[in-house]
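What follows is a set of notes on a single structure, which appears directly below.
The values are calculated or read from the model by the stated rules, or taken from the named source; none is laboratory data. Everything numeric here is computed off the predicted structure, so don't read it as measured data. All Cβ positions, even for glycine, are placed from backbone atoms using ideal geometry, and neighbour counts span all protein chains on display.
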Amino acid sequence: MLVMAVAAGIVGTLAIPAYAMAPGSLGPQFGATDATKLTKAQAQSVEVTDDVIAAPITKDGYAAVTGEEIRAAEAAEAAAAAAEAARIAAESAMVSYAASYSGPSVGDFLANPPYPNFDLASVYSVATQYIGTPYVYGGATPAGFDCSGFVMYVYAQFGVSMPHSSTGQGAMGTRISEADAQPGDLVIMDGHDGFYAGNGMILHAPYEGASVRVQPIWTSDYHIVRIGI
């Protein structure tokens, strides 16, 4: 009887349905994990708005400098240094020249003009005596001229008083055609003037670093003015 009872118990245990041992029915250790849940999740989608800007992708780079480029840069630097040294030397020479001048001024000439008989040919002849005089901003003596200072100094020797201004000097005269112009008339530009030298040329004090000289008129933006008529 005992043997039969044990055998019946074993058979009953084997007949228990599989679902009676389903995970979860015996405690949390048999529950579904997060990873398991994800494998059973439905398909998902992600929407991206139109205003999203893609992140830029950049790449580092480098530029190689050749020996020839280095030598060219060194030569340019040396040339610039030489030009600056020449400019300083020229300015020093002008200052020295100005300090040594002790001749008559515009005021001296107006008080006692050396050429009381005014004519254009004489004006131009006197003006040519100052070719080679260095340009000095604000200068109005043979120590150094700027453009209107040169014109003022020459005309003062004929008893003609002028302002130290190219615009003011142009306003003093009568505008004439270039066909009627003579050496000694004035060439008036925007901010600059000088003596008409004939054949499309101008005698003037050009700019710093240069000297009084005759050269072709380089622009079409000018007119001729005659003083004394």
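Only one of (1) touching a strand residue (DSSP E or B) at 6+ places or on another chain (Cβ under 9 Å); (2) not in a helix (DSSP H, G or I); (3) not charged (D, E, K, R) is not met by residue 158, so which one is it?
Unmet condition: (1).
Is it fair to say residue 62 is at pLDDT below 75, surrounded by 10 or more Cβ atoms within 10 Å (Cβ to Cβ) and either out of contact with any strand residue (DSSP E or B) (no Cβ under 6 Å at 6 or more places or on another chain) or not small (Gly, Ala, Ser) (or both)?
Working: at pLDDT below 75: yes; surrounded by 10 or more Cβ atoms within 10 Å (Cβ to Cβ): no; either out of contact with any strand residue (DSSP E or B) (no Cβ under 6 Å at 6 or more places or on another chain) or not small (Gly, Ala, Ser) (or both): yes.
Considered against the rule, which asks whether it is at pLDDT below 75, surrounded by 10 or more Cβ atoms within 10 Å (Cβ to Cβ) and either out of contact with any strand residue (DSSP E or B) (no Cβ under 6 Å at 6 or more places or on another chain) or not small (Gly, Ala, Ser) (or both), residue 62 comes out as no.
Select from segment 114-127 the residues that are closer than 22 Å to residue 147 by Cβ and of a type outside the set (Val, Ile, Thr) and write down the one among them that is modelled with the lowest pLDDT.
Taking segment 114-127 first, the residues closer than 22 Å to residue 147 by Cβ are 115, 118, 120-127.
Filter once more, keeping what is of a type outside the set (Val, Ile, Thr): 115, 118, 120-122, 124-125, 127.
Numbers: 115: 96, 118: 88, 120: 97, 121: 96, 122: 97, 124: 98, 125: 98, 127: 98.
Only one residue tops the list, namely 118.
Can you work out which of the residues in segment 196-229 that are of a type in the set (Val, Ile, Thr) and surrounded by fewer than 13 Cβ atoms within 10 Å (Cβ to Cβ) is farthest from residue 172 (Cα to Cα)?
By that ranking, first place goes to 219.
Kindly evaluate residue 127 against the criterion of being in a helix (DSSP H, G or I), touching a Leu at 6+ places or on another chain (Cβ under 9 Å) and hydrophobic (A, V, I, L, M, F, W, C).
Numbers: in a helix (DSSP H, G or I): yes; touching a Leu at 6+ places or on another chain (Cβ under 9 Å): yes; hydrophobic (A, V, I, L, M, F, W, C): yes.
Judged against the criteria, residue 127 is a match.
Go through (1) farther than 21 Å from residue 134 by Cβ; (2) among the charged types (D, E, K, R); (3) surrounded by 14 or more Cβ atoms within 10 Å (Cβ to Cβ) for residue 193 and report which single condition fails.
(1)
So, in segment 172-229, of the ones that are part of a strand (DSSP E or B) and among the polar types (S, T, N, Q), which residue ends up nearest to residue 156 (Cα to Cα)?
Taking segment 172-229 as the starting set, the residues that turn out to be part of a strand (DSSP E or B) are 174-176, 183, 185-189, 192-198, 201-204, 211, 213-216, 223-226.
Keeping just the survivors that are among the polar types (S, T, N, Q) gives 174, 211, 215.
Values: 174: 18, 211: 20, 215: 24 Å.
Here the answer is 174.
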